[in-house]
Amino acid sequence: MNNHQKGAKASYIALAVFILIWISGTSALHRFTKETFAEFQAPALQIVSKGGDLARYWELKSRSNEELIAASRDLARINAALELRIHSMDDIRRENTRLRENARYTANSEFLTVVARVISRDSSSWWQKIIIRKGRTDGIRPGSPVVFSNRVIGRVSAVHLNISEVDLVTSPTFRCTAFLIGDEKRRIVYVRGDAANSLSPNKAKVTAIPIDYNPPTGQPIKVLTTGLGGVFPSGLILGEVDGGIRMSTDDNYKVADLNPAKDLNMIEEVSVLVPQYPTAHEILLAPSEKIKLEEFK
Amino acid sequence: MSSDDTLEKISVPSAPITPWRMYLIFTLFAVGFIYIFCGLFYRQLIQSQDLIDQANLQSETIVWRPPTRGKIVDRNNVTLVENRVRWSVKANLLGLEGEIDREYRALVKAEKAKESTIKINYEILHQEARVNVLNRWLKKIWFVIDASNQKKSPSEKKRVKFLADSPERQVNVTALAKHMRDSRIFKFTLISDLTFPELRNQISDEEADRSVARFIEQFPVDGPITIESDMIRSYPYGSMACHTLGYVKDTNQLPNDFDPNFEISFKKLSKSKYTGKIGAEGLEQTHDYTLKGSSGWERWTKTSAGYKRELLESYPQREGSQVRLSLDVNIQLAAEKALTAIKDNAGNPLPSAAVMLDVNTGEILAIASLPNYNPNRLASKVTIKYFDEIQEQGGWMNRATQGLYAPGSTYKLITAIAGMRSGKIDYDDILDCGRSLWIGNHEFVEHEPYGFGQVDVEKMLAISCNVWNYRVGLMVGPDLLAQEARRFGLDKTLLKTNPNIMGAENTSQYEIPSPARKMVIPDANFKRSVGQGNWTSGDTANTSIGQGFILTTPLHMACFAASVARGETRTTPTIFHDPLRIPYHEDSRPIGLNRNQLNAIREGMVRCVTEGTARSIQIPGFQFAAKTGTSEYFKNGQKAHLAWIIGYAPAKNPKVAFAVLVEGQNDTNTWGGVTAGPVGQAMVKEWLNSKNKQSEE
Amino acid sequence: MSVLWAWFFLILATYPWLFAADLVSSTLASSGLNYFITGAALIAPCRRLKRWQAVLFAGCVGFMFEAYRPIPNGTVAISLVTLAILLGNYRSYLRTSLGMIQAAVVVNAAAAIIWFTASAYLCEAPTDIYNAIYQAALQGTLSGLVGLIIIMPLATTQNWIMDLMGVPSAQDLL
């Protein structure tokens, strides 16, 4: 028996030992490893994204003055319109605060909005996610909803130092409740990402649609967040029902496919709505050593 | 050695083969071939069909497409019974195996550390480990549902408060033990319905959905705890009209609406036993056939691993049909609210019943009975605990159709009608009514200490004079009195299914299950038959004021009031609404009184409200007719009172008739006008409201 | 620089390739396909590095792939380490270019199918098993193809680094 063969035998034994150690190892070890390698790669992601920004900057710099003048003229118009809107919004906000004070009900879902650029997208049949350029240092916490204007993009699934991972609406790990427009009784339906097929558009699934739900005719069936779950504010658009509502094959209700509100693979910038207080979801996701359940009771 | 030598050696046979041996071998081969050939022939041509079938059976499977049960709506198409999504939280015990194992080892270690002499029962420790682990998860689940860490709006606080003592905060240990015994490969249900049916009508539907939304959006997705959804029966008004609507329970009886061939193949192919829902009470039971629809199915070929491969044939399910009731939700709610307000000394609602009918058509607008039950709590599973609880309270009984009671003074209408029809007395005859009447050596007293003096029919009905009735009863005699009661159908079973309307497929005999059939209109024969001896004048006197042996139901009395309102003898009640219904009352005849006599009866009932025993329930600006009653009965060997009121409204051109009964207890003050009256008043008021609303529209 | 650190510098040299593959996946995200080259990246190092170094390299590359992906912790790392050990023990097959190309295709496809299956495990079990197999096959085929294309430039880079570090050539081994 030569050295090579001996080494081969030893390597298999070493492998078995390593697998054993890994399996019996604590979750802290797993987390640590994962976090280390994630942070190791983070700078590269940052650099590429910043490089993209730089390229865009130089591209803009090369524009002619005429173009810039035209653009700034357009912007000024939009600005004026928006300013008007801000005024009316202020009134509404004041009214809202007054009513809340009267009702002695302070909002439980005050969000801090963090705008973040998308660095990269990653999708397979089993997950669809994006990586954004804001992380723990920017105050982002796991479980926070991610939106673009009034559309739901997804939800933060993991937070690193300077970058975060976001599960898209179409990812099977995403789930939330919704109302369908035209349902006067406002019965909740269940939206969850669907394991997609490669080379075909990603979809989410809407289930538990009541049998007697009649979609409004002549317009797309919009799916809106309920605001009941304490994560998403109410009335955000999750998407539209795609291809009609059909009877479920296994259960006694209807199901439908959901086309996400925005082309999730094209999106460049998103807003993360970070709740002021940690949600139950966040507390449960946190490593048990850090936050004890009882502390919040 | 040359090659020739070799050849030579081989070509020389070692021993010659004799012909007979050859023949034997040939024969054996021939027999073998023939055997194989026959076998193949038999298998391939004769048995082929059977074998193909068998192969198909092994590679086929049946998938059920259960139907959706039909809705039940009221006369204005308000939904009374529908189907809703039930969300349940389940634990995958296989996924929890590791955690349970760790807990188990810790428990064993702790147990061994005690060094007690008692032998460790490992099975119990294992169960304890399971319970501990599941309880830990439940704590997390409730943490999410309760939003313990967040500020809450008042409605949310209310929800959390109601849920504070939910039994599902802890693992149901017996259910877990049963689960481990019978179905350990399935998921274990931790919370059977996240919308918590016991909260229905206590908090808004949207608030009830909040628990579901919170769980879905906040509980971590990956893990051994999952949420599942299915459709169950839902009663949006909770316990309202529960006796009429009924509830559904599990059945494993295959629905019998298939062709027989399919049923046979189902039995062969189906691995799982059929489970479905079947109506258990009320209309859910009597109209199960209409409501249930019919199941569909799909026949699939499957792979060896059991996955579906190809759809061979399918049969679509058919949704159950809708049933439209004659009930009016508003009147029903008003009746139940008014009934619930009548409390005993301990603060619990008294057993009671109320009915309101459309005078012309006999359609039932409201039919209530207390105590009742909440069918939502029975929708997912009929638990023995809740079943017994209802049983103990007497909530299963529909007092409006099944409760047999002495009608008390409301029966005086019959005595009066019998008196006038027999010619013994006329509408304007006046009887002198003192403080009592001696019959034999027994004194029958008035309910007023000094008597009423000069009393005619009208006054008698207004003030409910007993002595008048004793005297008229004795004049008429027991046989005629009983005959009159029978003429009004007080002993006829009601709510029979009308075969012309409901069609032949409905096999149930009654519109609502088992209405009372043992009403008693007493006469001499009856008394003898129950072994109580001979009929006496005292019995006649008792009967004339609706006491003694006489027994009937609130529904009968409501029908009687409707008949009087129409000036006829019978009213056929029905629970179904038909906007085009042509009023038809089986065996109904004209009441047989002349105009003055009938007027006297009606005027007497109006005066009962304006100045008589029911004056406390007047409705300003609106006139209606009523007759109160307070009869004695024995409860636990002691005297108690039944409070009655029957009547119709409006006084002129009546549209609705009603009857209310309240079962007093030994220690309650229960009087017809004071106790039952407000319920009648509430129903009439609500009817007026809805009539006004309709005319506005 | 000591040969001992060869594995680390090899990772630094390989990382741009891995990152580029991620970027390609990112821009083609709507296809739902991953341009996976992690398996192919094992071939050249396993051919020349000492066994423990190859194993370290494979483990790190595996963990890097896992870092941003919902895969049961360590699955890819462990399977890559296993593959690296196998490659190391049969390195005689890797001496020729043809052997390397074959190994790249097979190892890349195998590793891709492993992570694809492992991540399916975290996603609620796919209901349609045939579709899942089809998807895995699609991803596997693509990865095989990518391995075939990428192995030569990738191995050239890696060999260049190993030459710089003074790692003995494959021919010298055994």
Hey, which of these cross-link pairs are over 23 Å Cα-Cα: B:K90/B:K139; A:K203/B:K139; A:K185/B:K249; B:K343/B:K518; B:K343/B:K652?
A:K203/B:K139; A:K185/B:K249; B:K343/B:K518; B:K343/B:K652
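Can you give the mean number of other chain Cβ atoms that lie within 10 Å of the Cβ atoms in peptide B:205-214? It would help to have the intermediate numbers written out before the result.
Working: counts 4, 7, 1, 1, 8, 7, 2, 7, 13, 8.
Mean number of neighbouring Cβ atoms from other chains: 6.
Grab the eigenvalues of the alpha-carbon gyration tensor for the range B:66-122, scale each by 5, take roots, and send me the semi-axes largest first in whole angstrom. Show your work: numbers first, answer last.
Values: eigenvalues 587, 40, 16 Å².
Whole-Å semi-axes of the equivalent ellipsoid: 54, 14, 9.
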Only helical DSSP H runs with n ≥ 4 go in: add -39500 (n - 2.57) per run for chain B, normalise by residue count and round the 222 nm mean residue ellipticity to 500 deg cm²/dmol.
-12000 deg cm²/dmol
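Residues of A:178-190, mean number of Cβ from any other protein chain within 10 Å of their own Cβ, rounded to a whole number? Before the final figure, lay out the partial values.
Values: counts 2, 2, 0, 0, 0, 0, 0, 6, 3, 5, 10, 2, 7.
Partner Cβ neighbours, averaged per residue: 3.
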Karplus-derived HN-Hα couplings along the range B:65-82 (A = 6.51, B = -1.76, C = 1.60, θ = phi - 60°), whole Hz, x at Gly and Pro
10, x, x, 9, 6, x, 7, 10, 10, 8, 5, 9, 6, 7, 6, 9, 9, 9
log₁₀ I(q)/I(0) of the protein assembly as shown at q = 0.05, 0.06 Å⁻¹, via Debye over equal Cα point scatterers, no solvent, to two decimals?
-0.54, -0.71
Two-site label geometry, A:S24 and B:Q170: point separation in nm, points 7 Å out along Cα→Cβ
3.7 nm
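Using only DSSP helix segments of four residues or longer, with each worth -39500 (n - 2.57), what per-residue ellipticity at 222 nm results for chain A after dividing by its residue count and rounding to 500? Write down the numbers at each step before the final one.
Numbers: 4 runs with 101 residues, N = 297.
My calculation for chain A gives -12000 deg cm²/dmol from helical runs alone.
So if I take the alpha carbon set of chain B, get Rg, then get Rh from the Kirkwood formula, what is the Rg over Rh ratio?
That ratio is 1.21, to two decimals.
Rounded to the nearest 500, what is chain C's calculated 222 nm mean residue ellipticity when only DSSP H runs of at least 4 contribute -39500 (n - 2.57) each, over all residues?
Computed ellipticity for chain C at 222 nm equals -24000 deg cm²/dmol.
If neighbour count is taken as other Cβ atoms inside 10 Å, put B:R581, B:R184 in order from fewest to most. Provide the component values of the computation, followed by the final result.
Working: B:R581 16, B:R184 10.
Final ranking by Cβ density, sparse to dense: B:R184, B:R581.
First select every other residue whose beta carbon is under 13 angstrom from the beta carbon of A:K34; then total the charges, Lys and Arg +1, Asp and Glu -1. All intermediate terms of the calculation are to be shown ahead of the outcome.
Details: positive: A:R31, C:R69; negative: A:E35, A:E39, A:E165, C:E66.
That sum, taken over residues with Cβ under 13 Å, equals -2.
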Would you mind calculating the relative contact order of chain B from Cα pairs under 8 angstrom and at least 6 residues apart, reporting the percent as a whole number?
14 percent
If you count, for each residue, the other Cβ atoms within 10 Å and average over each peptide, how do B:587-593, B:137-143, B:295-301, A:159-165 line up from highest to lowest?
A:159-165, B:137-143, B:295-301, B:587-593
Run the Debye formula on the Cα coordinates of the range B:93-223, all scatterers equal and no solvent, and tell me log10 I(q)/I(0) at q = 0.18 1/Å.
-1.02
Which aspartates and glutamates have a Cα lying under 15 Å from the Cα of B:K691, excluding residues fewer than 8 positions away in the same chain?
B:D328, B:D358
In whole percents, the bins of 5 Å from zero upward hold the Cα-Cα pairs of the range A:3-61 as 4, 14, 11, 11, 10, 10, 10, 8, 6, 6, 5, 3, 1
In a Gaussian network model over chain A where Cα atoms closer than 10 Å are linked, find which of A:D257, A:D194, A:D53 has the largest mean-square fluctuation.
A:D53
Calculate one ³J(HN,Hα) per residue across the range A:137-149 by plugging θ = phi - 60° into the Karplus curve 6.51 cos²θ - 1.76 cosθ + 1.60, and present them in order as whole Hz with x for glycine and proline.
5, 8, x, 6, 10, x, x, 5, x, 10, 10, 9, 6
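Please give the average number of partner chain Cβ atoms lying within 10 Å of the Cβ of each residue in C:68-81, rounded to a whole number. Please report the intermediate quantities before stating the final value.
Values: counts 14, 7, 13, 3, 2, 9, 9, 1, 0, 4, 5, 0, 0, 6.
Taking all residues of C:68-81 together, the mean is 5.
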How long is the range B:539-697 along each principal axis, judged by its Cα atoms, biggest number first, in Å?
52, 34, 34
Taking 7 Å along the Cα-to-C-beta vector as the label spot, tell me the C:T156-B:N360 distance in nanometres, rounded to one decimal.
9.9 nm
Once Lys and Arg get +1 and Asp and Glu get -1 on their Cβ, which of C:A120, B:V457, B:L370 lies farthest toward the positive end of the dipole of the protein assembly as shown?
C:A120
Would you mind computing Rg(Cα) / (2.2 N^0.38 Å) for the range A:66-106, counting N as its residues?
1.91
May I ask for log10 I(q)/I(0) of the range B:584-672 at q = 0.24 Å⁻¹, from a Debye sum over the Cα atoms as equal point scatterers with solvent left out?
-1.13
Under the rule of at least 5 residues apart or a separate chain, name every residue whose amide H is placed under 5 Å from the amide H of B:E281.
B:Y247
Remind me, what semi-axes does the range C:3-165 give for its equivalent ellipsoid, largest first in whole Å, using sqrt of 5 times each Cα gyration tensor eigenvalue?
26, 15, 15
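Output the peptides C:134-141, A:229-236 sorted from most to least packed, where packing is the average of other Cβ atoms within 10 Å over each peptide's residues.
On the way: C:134-141: 17.9, A:229-236: 20.4.
Ranked from most to least packed, the peptides come out as A:229-236, C:134-141.
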Scoring only Lys, Arg, Asp and Glu (+1, +1, -1, -1) among other residues with Cβ under 13 Å from the Cβ of A:S200 yields -2
Separation in nanometres of the label points that stand 7 Å from Cα toward Cβ, at B:R43 and B:E128
6.1 nm
So, by mean Cβ neighbours within 10 angstrom, what's the order for B:568-576, A:199-207 with the highest one leading?
B:568-576, A:199-207
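Any read-out appearing in this document is the output of simple, stated calculations on the displayed coordinates, not a laboratory observation. Only a predicted model underlies this, so the values are computations on that prediction, with no experimental measurement involved. No Cβ is skipped: glycine too gets one built from the backbone with ideal geometry, and neighbour counts run over all protein chains shown.
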